[in-house]
1. Of the residues that make up region 174-192, is at least one at pLDDT 85 or above, open to solvent by 60 Å² or more (accessible area, probe 1.4 Å) and touching a strand residue (DSSP E or B) at 6+ places or on another chain (Cβ under 8 Å)?
2. Inspect all residues belonging to region 77-86 and state whether any of them is modelled with pLDDT of 95 or more, in contact with an Asp or Glu (Cβ under 9 Å, 6 or more places away or on another chain), open to solvent by 40 Å² or more (accessible area, probe 1.4 Å) and in a helix (DSSP H, G or I).
3. Does Leu71 qualify as being within 21 Å of Arg151 (Cβ to Cβ), open to solvent by less than 70 Å² (accessible area, probe 1.4 Å) and modelled with pLDDT of 95 or more?
4. If you go through region 68-80 one residue at a time, do you hit one that is more than 24 Å from the chain's Cα centre (by Cα), closer than 30 Å to Pro115 by Cα and of a type in the set (A, V, I, L, M, F, W, C)?
5. Looking at Leu220, Leu268, can you tell me which residue is buried (at least 21 other Cβ atoms within 10 Å of the Cβ) and at pLDDT below 85?
6. Just wondering, is there one or more residues in region 214-231 that are β-branched (Val, Ile, Thr) and part of a helix (DSSP H, G or I)?
7. From the residues in region 94-141 that are over 18 Å from the mean Cα position of the chain (by Cα) and among the acidic types (Asp, Glu), which one is most open to solvent (accessible area, probe 1.4 Å)?
8. Out of curiosity, is Ala30 touching a helix residue (DSSP H, G or I) at 6+ places or on another chain (Cβ under 7 Å), within 20 Å of His16 (Cβ to Cβ) and open to solvent by 10 Å² or more (accessible area, probe 1.4 Å)?
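The values are calculated or read from the model by the stated rules, or taken from the named source; none is laboratory data. This is a predicted model, so every value here is computed, not measured. Note that each Cβ is placed from the backbone with ideal geometry, even for glycine, and that neighbours are counted across all protein chains shown. The protein model used for the area step is the full one, side chains on, heavy atoms only, and it has no ligands, DNA or RNA in it. Shrake-Rupley method; radii C 1.70, N 1.55, O 1.52, S 1.80 Å.
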Amino acid sequence: MKDSGRLNEADSALVHALQISPRATWSRLASVLDHDAVTLARRWKRLTDRGAAWISCYPGPALAESGQGCLAFVEVDCAGGRVLEVADRLSRQPMVTTVEHVTGDRDLLLTVMRPDLASLSRWVTRSLSSLPGVTASRTHVAGAIYTEGSRWRLRALSADQVARLTERRPPVGRTVGPPTDLDRRIMVALSEDGRAPYTALAEICGTGVDTIRRRTRHLLDAGAVHIRCETARPLSQRPVAAVLWAQVPSGSVEDAARRIAGMPDVRLCPPSPDATTCSSSHGSARSTTSSDSKPASPHRHPAAPSATGRWPCGR
């Protein structure tokens, strides 16, 4: 890595490859990146040990499409001098998947996942409103998600390399029911290490390797979970993120959302009942509201199926 701390070309290429195929074997990645597998594994360990990149897991659209889950974005106003205290408290709550300190008309912006609207309402009106230092909040329930962070790419690989990594991805579309207790344990384990080998997952979940392999593949193929490779934003080529709130005429929401989702720097586009919210990454700031692909068909995003573990999703 360079002394500046930014990801170098080899680091960026590895991260881009893992964004496309997060659980690809080192030998497969080596054949695409023209490096040996041992070198790539060591490079990845160096990145993860440093906190520069990681792979996690979070619920996919198939769970919401089967009637499970609720995703919301919550603006939070804090009492003077208490922003960091409130942010720390919120970051410890398992239903809060991201906490961002932003500029503009709010102090913090949260991504919150709950099983349903009723539990979201209870959390907002009881837990959040009573949190010391919170003075006000505004909740935006997300409907369709036109694009989200797992589709965003560093764009460090050639078109041929991307194709070679993409062509073997399993098809989606299997039916998915309510997650079992084993499914929940698998999801939580993968949220901490999305590349955890099946042997490690079996040990963590207390079951056999064949069972873990079969159930994990089912969750992935059905779209019940997404595995995502991320980088520490300050170390990437686009270290500044902006959150834009757009008012769109009701008859133009879908068209506007698809166009916005197709912009290469847009990481998230979830229309809410009162606005379209977009999050993008830039090389320099382009919005007064900021924080430290191709057009896609919309899908709903679910809540975390377990009250334990962390779901590092969102922007």
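1. yes
2. Checking region 77-86: not a single residue is modelled with pLDDT of 95 or more, in contact with an Asp or Glu (Cβ under 9 Å, 6 or more places away or on another chain), open to solvent by 40 Å² or more (accessible area, probe 1.4 Å) and in a helix (DSSP H, G or I).
3. Numbers: within 21 Å of Arg151 (Cβ to Cβ): yes; open to solvent by less than 70 Å² (accessible area, probe 1.4 Å): yes; modelled with pLDDT of 95 or more: no.
Here the answer is no, as Leu71 does not meet what is asked.
4. Yes, some residue in region 68-80 is more than 24 Å from the chain's Cα centre (by Cα), closer than 30 Å to Pro115 by Cα and of a type in the set (A, V, I, L, M, F, W, C).
5. Values: Leu220 fails: at pLDDT below 85.
Only one candidate qualifies: Leu268.
6. Among the residues of region 214-231, at least one is β-branched (Val, Ile, Thr) and part of a helix (DSSP H, G or I), which makes the answer yes.
7. Looking at residues that are over 18 Å from the mean Cα position of the chain (by Cα) and among the acidic types (Asp, Glu), I get Asp105.
8. Yes; evaluated as a whole, the condition is true for this residue.
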